[in-house]
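Encoded as structure tokens, the structure appears first; notes follow it.
Quick note: the coordinates plus some simple rules give every number you see, no bench work behind them. Owing to the predicted nature of the structure, the values given are computational and were not obtained by experimental measurement. Glycine gets a Cβ as well: all are built from the backbone with ideal geometry, and neighbour counts include every protein chain shown.
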Amino acid sequence: MDIFAKCVDFTDAKDLMATGLYPYFLPLTGNDGSTARYEDREIVMCGSNNYLGLTADPRVKNAAQEAIADLGTSNTGSRFLNGNLELHERLERSLADFYGREEALVFSTGYQANLGAVAGLAGRHDVVLLDKLVHASAIDAAMLSGARIKFFQHNDPEALDRRLAACPPDAGKLVVVDGVYSMEGDICALPLLRDVCRAHGARLVVDDAHALGVLGDGRGTAAHFGGEGADLVTVTFSKSLASIGGAVIGDSAVVQYLRHHARSLIFSASPSPSNAASALMALEILKSEPWRVRQALSNARYVRDALAARGVPVGSSDTPIVPVFTEGRTETFTLWRSLLDRGVYTNPIIPPAASYRLRTSFMATHTTEQLDFVIEAFLAEFANLPAAVS
Ligand SMILES: Cc1ncc(COP(=O)(O)O)c(C=O)c1O
């Protein structure tokens, strides 16, 4: 059996390309945050995670450029050996301070932060319990850990309670949830989940990838609920922080342990100077300009309310993520293409990632004119759908 045979047989992408409806890997030639260039046209970007609109901020760009000038383009090694910068440690202190926790540990991506945290803590005698809709990186992390994996009903503390009750009493138990779910935009029931974990002696990890810069004046899920957070938080720099990288944030003992046990930290090169510097600058801007958080939320609300009022099936959660529900693969891809042709960039989602939808997201720097343009484009397309509501 040739292990490459499936590659030759894989024609789905090619078939879709032939119809002009292939929506992935679009090569952009420009991007200033709220607009991007594709095929020599300017389009309104509603498909990014640049919630605070900081990727094109001159202060963030200058910080990246200065870091390159001072420290070069790459650290060419892991933080464990030659690739640790004082800049990484400054970023760690700033993150820990922002979250009101003892320590943080910077990884090269959010994906690796989740791998490092979960696989660093859990092993084959433990159980990792995952919300059914948790991000793929947490699932991969649980598989890598070798622990027993159990899924529980999305955002359902009672379902978690039942799953935990069925765990062997002597097993270590790690529960992993997202703060904000990337496809729905809904928020995890942190206080209730934490109480359930406590009752069973389980530890809770919250992935704040879409909550940092979004919830609780930007301070994440714990701040949103006005108090105590999870046992451990993971974040990414690739969304609100306009860079690439990730971190785990929590108690010193746990962070120090992960510093010496997280294989995705130890065996991968550290964030480049420009990535670390841009994340640090974006974090400073987030701290000093909380209006950005409010503006991203109110821009999303503006679009959500306008579409819902005209009968377009949108999600109801109050975050910058606005899913627009569709029916079936052909409708999803056709709608995506038509919107792109009108100058609106969205993300088409099909199972198994989530049920059919266009995922849209809004940022602090979208103008009202851009938002109105997006609303008009959706209304025009939904008017064309056979099942459209008036
Ligand atoms: C919830 C969640 N966690 C983790 C990640 C991974 O982050 P990164 O892009 O930094 O690897 C993502 C990115 O899509 C995410 O949505």
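Worth pointing out:
- Placing +1 on each Lys and Arg Cβ and -1 on each Asp and Glu Cβ, with no other charges, gives the chain a dipole about its Cα centre of roughly 480 debye.
- Highest average first, the peptides 195-201, 125-131 ordered by how many other beta carbon atoms sit within 10 Å of their residues are 125-131, 195-201.
- P(r) of the chain over all Cα-Cα pairs, binned every 20 Å from zero, in whole percent: 27, 56, 17, 0
- A simple count of charges around V322, restricted to other residues whose Cβ falls under 13 Å of its Cβ and scoring Lys, Arg +1 and Asp, Glu -1, yields 0.
- Cα centroid separation, region 295-339 to region 54-101: 35 Å.
- Residues with amide H under 5 Å from that of F152, placed H, sequence gap 5 or more: L130, D131, K132
- Total lysine pairs under 21 Å (Cα atoms) in the chain, excluding pairs fewer than 8 apart on one chain: 7
- Helical segments meeting 15 Å axial Cα length and Kyte-Doolittle -1.0 threshold in the chain (DSSP H): 58-71, 86-99, 110-121, 273-288, 291-309, 328-342, 368-384
- Among beta bridges that DSSP assigns inside the chain, antiparallel share in %, nearest 5: 60 percent
- Radius of gyration and maximum dimension Dmax of region 75-271, Cα, Å: 15.6, 47
- Here the Karplus curve 6.51 cos²θ - 1.76 cosθ + 1.60, taken at θ = phi - 60°, turns the phi angles of region 123-134 into couplings of x, 5, 8, 9, 10, 10, 10, 10, 4, 4, 9, 5 Hz, with x standing for Gly and Pro.
- Sequence-distant residues sharing a close amide H with L204 (under 5 Å, placed H): V175, D231, L232
- For region 16-26, the Karplus equation 6.51 cos²θ - 1.76 cosθ + 1.60, evaluated at θ = phi - 60°, returns couplings of 5, 4, 4, 8, x, 10, 6, x, 10, 6, 5 Hz by residue, with Gly and Pro reported as x.
- Ordering of 146-157, 277-288, 113-124 by burial proxy (mean other Cβ atoms within 10 Å per residue, highest first): 113-124, 277-288, 146-157
- For G77, the residues whose modelled amide H falls within less than 5 Å of its own, excluding neighbours fewer than 5 places apart on the same chain, are S270.
- Shape call, region 1-139: gyration tensor on alpha carbons, a/c limit 1.5: oblate
- Calculated mean residue ellipticity, 222 nm, the chain: -13000 deg cm²/dmol, from DSSP H runs (n ≥ 4) at -39500 (n - 2.57) each, averaged per residue and rounded to 500.
- Charge sum, other residues only, whose C-beta stays under 15 Å from S355's C-beta, Lys/Arg counted +1 and Asp/Glu -1: 0
- Net charge contributed by nearby residues that have their C-beta within less than 13 Å of S182 (K/R +1, D/E -1): -3
- Total charge dipole magnitude, region 33-81, about the Cα centre, Cβ charges on Lys, Arg, Asp, Glu only, Debye to nearest 20: 140 debye
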